[in-house]
Structures are given as C-alpha cells and as structure tokens.
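First comes the structure, then the notes that go with it.
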Amino acid sequence: LEPGQYAVSTSNRNFEGRQGKGGRTFLASPLTAVATAITGQITDVRTMLD
C-alpha cells in the first residue's frame, strides 16, 4: 500500500509497515472481507443476509 491507502485483510497478524510504509490495514473476518469487496466500503455482512 502507498502511504495513506487503506486495505481490509483477513490475516491474523498486523504490524506497522506490514502492507507498506504508511499504509493502514483493517483486520476482518473472511465474510466481512467479501461484503467489503462487493460494496467497496467496510460492510457488516449481516446487512446483506436479509
């Protein structure tokens, strides 16, 4: 990631600089990551189940 970019990751570990210097990472479950990929924003998968 470039500085200031954000990512959603299903990794169980995170530390400063893991995905690029200045990049920020949100740790999420696989289902949340899928919902986020579909909508393009961090999404609670429960809102997609109904």
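Please go through segment 1-20 and pick out each residue that is in a loop (DSSP other than H, G, I, E, B) and among the β-branched types (Val, Ile, Thr).
To start, the set of residues in segment 1-20 that are in a loop (DSSP other than H, G, I, E, B) comprises 1-5, 10-20.
Passing the criteria: only 10.
For the subset of segment 11-39 comprising residues that are closer than 20 Å to residue 49 by Cα and hydroxyl-bearing (Ser, Thr, Tyr), which member is farthest from the chain's Cα centre (by Cα)? Spell out how you get there, then give the answer.
Within segment 11-39, the subset closer than 20 Å to residue 49 by Cα is 28-39.
Still in the running and hydroxyl-bearing (Ser, Thr, Tyr): 29, 32, 36, 39.
Values: 29: 9, 32: 8, 36: 7, 39: 12 Å.
The extreme case among them is 39.
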Hey, can you tell me all the residues within the chain that are surrounded by fewer than 10 Cβ atoms within 10 Å (Cβ to Cβ), hydroxyl-bearing (Ser, Thr, Tyr) and in contact with a Leu (Cβ under 9 Å, 6 or more places away or on another chain)?
none
Identify all residues within segment 21-48 that are small (Gly, Ala, Ser), assigned to a loop (DSSP other than H, G, I, E, B) and in contact with a strand residue (DSSP E or B) (Cβ under 9 Å, 6 or more places away or on another chain); write none if there are none.
23, 28
Of all residues making up segment 30-43, the number that are in contact with a Ser or Thr (Cβ under 7 Å, 6 or more places away or on another chain) and of a type in the set (Gly, Ala, Ser):
2
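Readers should treat all values here as calculations from the given coordinates under stated rules, not as data from a laboratory. Keep in mind that what you see is a predicted model, and the values were worked out from it rather than measured. In this analysis, Cβ positions are derived from the backbone assuming ideal geometry, glycine residues included, and neighbour counts consider all displayed protein chains.
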